[in-house]
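Computed from the coordinates by the stated procedures, all read-outs in this text should not be read as laboratory data. This is a predicted model, so every value here is computed, not measured. Reconstructed Cβ throughout: ideal geometry from the backbone, glycine too, with neighbour counts over all protein chains shown.
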Amino acid sequence: MNLRSLIRVVAVGCALLTLFCVASGALPGKEKNEGRLLLGKVLDQQDNPLVDSVVYLTNSRTRAVKTYIVGADGTYRFPALSMSVDYEVYAQYKGHKSETKSVSQFDNRTQVYLDLKVNTR
């Protein structure tokens with residue numbers, strides 16, 4: 001086999017390997033799925049939605065905080081969260097705070113639903 005043929009074989013092999021990695025999601029820094037979706041509602045003690053509540057989501061590894069202001073139906077959503085990080089979430093409404101809940105990296109669900117109850121009294 002001459003040098004040109006060897007280079008062609010190696011190039012084709014590299015192209016096939018790259019195609020396989022892209023198709024399987026095995027490239028470094030790429031997760032196979034799009035991550036986790038955290039969603040739920042912010043409710044009062046009578047299960048009424050608390051419009052304009054603020055939901056705080058903390059990444060326990062970096063301590064970065066994301067916020068979400070809920071609408072008329074009281075729902076919040078945080079899409080594309082890492083499956084390999086723990087998160088803490090709580091809501092605030094007019095100076096009152098819900099309990100803090102956790103989402104564990106060991107929970108393999110891709111969609112987690114958590115209602116956050118705020119005692120407004």
### Sites matching trypsin sites (Lys or Arg not before Pro) across the range 35-65 that sit in DSSP coil, with at most 14 neighbouring C-beta atoms within 10 Å
61, 63
### Task
Would you order 112, 55, 65 from fewest to most other beta-carbon atoms within 10 Å of each residue's own beta-carbon?
65, 112, 55
### Query
Arranged by the count of other C-beta atoms within 10 angstrom, fewest first, what order do 102, 53 take?
102, 53
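Fewest to most neighbouring Cβ within 10 Å: what's the order for 67, 75, 62? If you can, show how the numbers build up before the last one.
Values: 67 11, 75 15, 62 8.
So the residues, fewest neighbours to most, are 62, 67, 75.
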### Task
Note down the nm distance, to one decimal, between modelled labels 7 Å out along Cα→Cβ at residue 67 and at residue 111.
2.9 nm
